[in-house]
1. Which whole-Hz ³J(HN,Hα) couplings does region 127-143 yield from phi under the Karplus relation 6.51 cos²θ - 1.76 cosθ + 1.60, θ = phi - 60°, glycine and proline marked x?
2. Fully extended, how many nm does the chain gain between Ile81 and Arg21 (0.36 nm per residue separation, minus their Cα-Cα distance)?
3. Averaged per residue, what accessible surface does region 107-194 expose to a 1.4 Å probe, in Å²?
4. Kirkwood hydrodynamic radius for region 102-194: how many Å is it when counted over pairs of different Cα atoms?
5. From the protein chains alone at 1.4 Å, what is the descending order of accessible area for Val92, Val102, largest first?
6. Within the accessible area of region 120-194, what % is carbon and sulfur when the probe is 1.4 Å and the other protein chains stay in place?
Amino acid sequence: METSKSDIETVLGQARKHGWRRRVLFTGAIAVAVAVAAWFWIVRSSEDETATYVTAPVVRGDLVVTVTATGTVEPTNLVEISSELSGTVRAVQVDNNDHVKVGQILALLDTDKLQAALAHSEAALEARYARVAEAEATVAETHAQYERVKELAEKNAASIQALQAAEAAHARADAAAGVAKADAKVAEADLEID
């Protein structure tokens, strides 16, 4: 069977007309369904909103207030206490939540180690002072020896090498005395820190 081009166009044209009608009918049906559902929902929600009242006779009594909270309890005023000293606490003079005053002793430290460190620093300072005295005595000795060798060298009784050795020994003794004095100052500073 042969179909002509005009027959095909006629069939397609009729299909297009019927498709448009079906879409309009389908869209209308959905709109009606949505409207009915909305009406049922509005009617149902208005029935639930009716107010109900419960009455009771007046009773006199005490009012009770209950406070509840969650979390950790934090103080309203918190003061951090610190000290430049550290060590073992010998005694605590206050308790939790005690009122304290400015200058009040809060804790006593075990000061045995601190006193031992102080005694050690004092002994080190004394040793440095003794080294200074020893170095000054060596300076005096080497100076006197240098002067004798210098006199002998002027009389050609001592060699130039002996004079140079005496002069170098005197310079080393001066330098050692300077080092000993500096060490004494370091020991004094250490004593101030302790």
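1. 5, 5, 4, 5, 5, 5, 4, 5, 5, 5, 5, 5, 4, 5, 5, 5, 5
2. Working: separation 60, 0.36 × 60 = 21.60 nm, distance 8.88 nm.
Gain on stretching Ile81 to Arg21: 12.7 nm.
3. 70 Å²
4. By the Kirkwood definition, the hydrodynamic radius is 16.3 Å.
5. Val102, Val92
6. Its accessible area is 54 percent carbon and sulfur atoms.
The values are calculated or read from the model by the stated rules, or taken from the named source; none is laboratory data. Keep in mind that what you see is a predicted model, and the values were worked out from it rather than measured. Note: accessible area is taken over every heavy atom of the protein model, side chains too, but ligands, DNA and RNA are not part of it. Shrake-Rupley method; radii C 1.70, N 1.55, O 1.52, S 1.80 Å.
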